[in-house]
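The values are calculated or read from the model by the stated rules, or taken from the named source; none is laboratory data. Owing to the predicted nature of the structure, the values given are computational and were not obtained by experimental measurement. Because the Cβ atoms are built from the backbone with ideal geometry, glycine has one as well, and the counts that use them run over all protein chains shown.
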């Protein structure tokens, strides 16, 4: 829990990300904290009443949910808060999609869980595209972020996120990974139309929060790889997906905000693109079987196209590596913080749908493995 002398400082956090200073302490970074873990802290450490997010229909109850979430992130020592789907309410960008139900085998089970439909998605033809019930930007109400802006403790900031990433929405919600593979060859024009529609919607959502006090930046998740390669060809990602990340990064940077990318899997072939073209400020998610974060940070040069394991990265010096399953940020190659890993992390993402970890109260670190759960 946060000590009396350890107060949040999102401005220092930002300066560390941008390599403008060495941190006065080890800053903490987490993609998200699962609802079950938040509940444990609310009831057992903060001794407050838990308000179930899925049952919070009135604004007053939703504000109570957000207040609990704020207190947990603050007391755990973070300089910022990032809302996930469980806590975003009307600020989520949602797409009608197909999924498969199965037993939830996580440590803190929810009974059943939904898996992304990797076969045939909701859109396979131009007619499907035209008839699809696309979400409207008018339906996305950013008031939860406005609430954070006004109610965060002094020194604490927040990152905005509205949905999964562009590629994730293609594979998990709209096209299906298998159908995408066929459409790239059979109907690339349709794939481009879907990608641009999704990109425009995500871009429009981020515009809604520009100017809010204490906004630190955008953390956009977009799983584009698995253990040994990207899920589709690097060239497809360069041509259709990364340009949208570049636009989102430019939007953030033009308003003095950070743009942090979370992506699971081996992104070696496109790492240089992410650094030099997209201009991400930091990359989150490093699995030891793919690109150990310590090696990533102390490297010097590498041929990304030939090396499946990133051992050298001189050109990453302007990019901060955020460890996938650590509570510590690794700020610069010259700072050597311990490599603190959770022992029971699955380790690799060979399968496109990876079972996420939900830690129980006996686990030292509470981290969620990846975005590939629909709940």
Exercise for the section: State whether the residues of region 47-60 include one that is without any contact (Cβ under 8 Å) to a residue 24 or more places away in the chain, over 22 Å from the mean Cα position of the chain (by Cα) and under 27 Å from residue 180 (Cα atoms). Expected result: no
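Considering only region 131-163, how many residues are outside any loop (DSSP other than H, G, I, E, B) and out of contact with any strand residue (DSSP E or B) (no Cβ under 9 Å at 6 or more places or on another chain)?
Residues flagged as outside any loop (DSSP other than H, G, I, E, B) and out of contact with any strand residue (DSSP E or B) (no Cβ under 9 Å at 6 or more places or on another chain) within region 131-163 amount to 10.
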Practice task
Collect the residues in region 254-286 that are out of contact with any helix residue (DSSP H, G or I) (no Cβ under 8 Å at 6 or more places or on another chain) and within 14 Å of residue 230 (Cβ to Cβ), keeping them in residue-number order.
Solution key: 263, 264, 265, 266, 268, 285
Problem - Residue ID - nearest to residue 262 (Cα to Cα), chosen from residues in region 81-101 that are at pLDDT 90 or above and loosely packed, with under 15 Cβ neighbours inside 10 Å - result: 94
Completion exercise
Note on region 111-130: residues part of a helix (DSSP H, G or I) and surrounded by 11 or more Cβ atoms within 10 Å (Cβ to Cβ) are 126, 128, 129
